[in-house]
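Let me begin by presenting the structure, written as structure tokens, before commenting on it.
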Amino acid sequence: MNHEAISVFDMFKIGVGPSSSHTLGPWRAAQAFTAKLIEKNILQQVIALQVLLYGSLAKTGHGHGTDIAIQLGLSGDDPVTFDVDNINPKIADIKAMNKLVLAGRHEIEFNPIEDIEFLVAESLPYHPNALTFLVTLRNNENFAETYYSIGGGFVIKEADTGTDAQQVNLPFPINTADELLHWARSTGLSIHEIVMENENTWRSESETKMGVLEIWNVMKSCMYRGCYAQGILPGGLDVKRRAYDLNKRLLGGKECINYDEWTYAIKNGGSGFNYILDWVSCFALAVNEENASFGRVVTAPTNGAAGVIPAVLQYYICFCDGNDEEMIINFLLTASEIGSIFKKGATISAAMGGCQAEIGVSSAMAAAALTECLGGTQRQVLMAAEIAMEHHLGLTCDPIAGLVQIPCIERNTMGAIKAITASQLALQSTPDFAKVSLDAVIKTMWQTALDMNSKYKETSDGGLAINIPISLSEC
């Protein structure tokens, strides 16, 4: 059996909100397409470009900024480094000039309104998130490529859809939770240690640790920034940011000028149940309000679910004495492995599986990681992930107006709280008596995804998206 090799840096990607599948994925696809034009030595011959969006990308692409991401990707900008404050000015400039500089090298006529088509009635068979790039060359020949954004910022070119598994020989190949448990039992290693051994296939341990800490730096910066940002979220729903007011109230007037001061104030501000519960909600709200505002976030495993893991990790740091770099690394390594097992056995794409594939998976990842760091056994870690997902099964994705705001932002608070509860249950349980395995839940999740009506899979054709009569202001 082939084992797909997925690194921690595949599961956790630095990018820009609001969606990993509808923003980051199309951005990466656009970059890949321009790279192909350069490789074929035809970039300078391009005189026209058309982008076709299918399925879920077409139905909710406007709300997720798909057209914006594509223009930035085609322009040669990178989601990891591009200044998010320059997104609106750059898009406005392209629209005003009706010109786009492909890969930052070759200027062409380009009208975003006409040249990016949202084909809401069409879908391609491999995956609901499909997009095609079509260029016309000076000799009147055409060149086209189709890409699929399959969730979490992962992108597959149409010709590669049957061979997407990375051919890397890992010391501990893992596709299922049972395989992970096998390696844990046979070696005596903890889950994060197994993950690190696999990561050593790609790079040195010091490089992996440095990279994981950079992932955490982006997460915590996003969370801290979101707690101090006020205003109305973009998109036309007029949703007010809530993390700012909650943060201010919980701090009780304390002034914090950086993340470390803020964390210290939180840790020393109380230990009551309501106090901790409110902070976990605040952490998650802050991240996903930033995500909804085209802020810099980390897929965990997706943008729409980006707040769960930072919220639970910040809970661990503030309320479980977890402010230690090694433990933070262990947390994120463990979380990444659980996420990769879900991706291999089911999906992390809401367009394929509903929100169980995003919030559910992120909650399972966070529950497992927290249990690992709190001293749980390998079986308790897997049990925590199972409990978290078991109580997200069937969760639909029905974003109002196609925006990652309602119910998505609040849903991250629910996922974080469920992760903490699942961890506590697992730590107080004996896995020998568990009736449900993580692999059984993953199988059930995938079966549920296949049975789920497509209108509940990130199309805004059902659920809250059609039952809440909200008229958008300017989008």
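Quick look at the numbers
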quantity: Scan of the stretch 398-412 for residues that are more than 16 Å from S349 (Cβ to Cβ), β-branched (V, I, T) and surrounded by 21 or more Cβ atoms within 10 Å (Cβ to Cβ), ordered by number; calculated: I400, I409
quantity: Options S340, S271, S281: the member that is on the phi < 0 side of the Ramachandran plot and under 14 Å from the mean Cα position of the chain (by Cα); calculated: S340
quantity: Extreme residue, nearest to A368 (Cα to Cα), among residues of the stretch 191-212 that are surrounded by fewer than 20 Cβ atoms within 10 Å (Cβ to Cβ) and among the aliphatic types (A, V, I, L, M); calculated: M196
quantity: Residue tally, condition loosely packed, with under 14 Cβ neighbours inside 10 Å and either closer than 25 Å to N41 by Cα or of a type in the set (K, R) (or both), over the stretch 99-114; calculated: 6
quantity: The listed residue being surrounded by fewer than 16 Cβ atoms within 10 Å (Cβ to Cβ), out of contact with any Leu (no Cβ under 7 Å at 6 or more places or on another chain) and not polar (S, T, N, Q), out of D461, D451; calculated: D451
quantity: Leading residue by the ranking (farthest from the chain's Cα centre (by Cα)) among those in the stretch 119-166 that are modelled with pLDDT of 95 or more and of a type in the set (F, W, Y); calculated: F143
quantity: Residues satisfying the stated conditions in the stretch 271-282, i.e. at pLDDT 95 or above and either of a type outside the set (D, E, K, R) or crowded, with 24+ Cβ neighbours inside 10 Å (or both); calculated: G272, F273, N274, Y275, I276, L277, W279, V280, S281, C282
quantity: Single unsatisfied condition, F82 versus (1) over 20 Å from S349 (Cβ atoms); (2) among the aromatic types (F, W, Y); (3) crowded, with 23+ Cβ neighbours inside 10 Å; calculated: (3)
quantity: Criterion (in contact with a Ser or Thr (Cβ under 9 Å, 6 or more places away or on another chain) and surrounded by fewer than 19 Cβ atoms within 10 Å (Cβ to Cβ)) met by exactly one of G415, G394; calculated: G394
quantity: Hits in the stretch 418-440 - residues which are touching a residue at least 60 places away in the same chain (Cβ under 8 Å) and either closer than 17 Å to L395 by Cα or not in a helix (DSSP H, G or I) (or both); calculated: A419, S437
quantity: Condition broken by K99, with the remaining ones in (1) in contact (Cβ under 8 Å) with a residue 60 or more places away in the chain; (2) touching a strand residue (DSSP E or B) at 6+ places or on another chain (Cβ under 6 Å) satisfied; calculated: (1)
quantity: Options G188, G236, G226: the member that is surrounded by fewer than 19 Cβ atoms within 10 Å (Cβ to Cβ), within 30 Å of P399 (Cα to Cα) and not acidic (D, E); calculated: G236
quantity: Failed item, numbered, when A351 is tested on (1) at pLDDT 95 or above; (2) crowded, with 24+ Cβ neighbours inside 10 Å; calculated: (1)
quantity: Residues of the stretch 185-207 satisfying the condition of being polar (S, T, N, Q), in contact with a Leu (Cβ under 8 Å, 6 or more places away or on another chain) and part of a helix (DSSP H, G or I); calculated: N198
quantity: The stretch 223-242 residues that are more than 16 Å from P310 (Cβ to Cβ) and at pLDDT 95 or above, paired with ones that are crowded, with 21+ Cβ neighbours inside 10 Å and charged (D, E, K, R) (beta carbon under 7 Å, 6 or more apart); calculated: Q230/R241; G231/R241; L233/R241; L233/E289; R241/E289
quantity: Qualifying position, being crowded, with 24+ Cβ neighbours inside 10 Å and within 13 Å of A369 (Cα to Cα), among L285, L332; calculated: L332
quantity: Residue within the stretch 24-31 that is over 22 Å from V101 (Cα atoms) and buried (at least 22 other Cβ atoms within 10 Å of the Cβ) present; calculated: no
quantity: Verdict on F172 being in contact with a Phe, Trp or Tyr (Cβ under 8 Å, 6 or more places away or on another chain), within 28 Å of M11 (Cβ to Cβ) and of a type outside the set (S, T, Y); calculated: yes
quantity: Selection count where residues are among the aliphatic types (A, V, I, L, M) and either within 17 Å of N303 (Cβ to Cβ) or touching a Phe, Trp or Tyr at 6+ places or on another chain (Cβ under 8 Å) (or both), scope the stretch 415-445; calculated: 4
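Residues checked against (1) modelled with pLDDT of 95 or more; (2) buried (at least 24 other Cβ atoms within 10 Å of the Cβ):
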| position | (1), (2) |
| --- | --- |
| L425 | yes, no |
| D439 | yes, no |
| M445 | yes, yes |
| E474 | no, no |
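The values are calculated or read from the model by the stated rules, or taken from the named source; none is laboratory data. Model, not experiment: these values are computed from the prediction. No Cβ is skipped: glycine too gets one built from the backbone with ideal geometry, and neighbour counts run over all protein chains shown.
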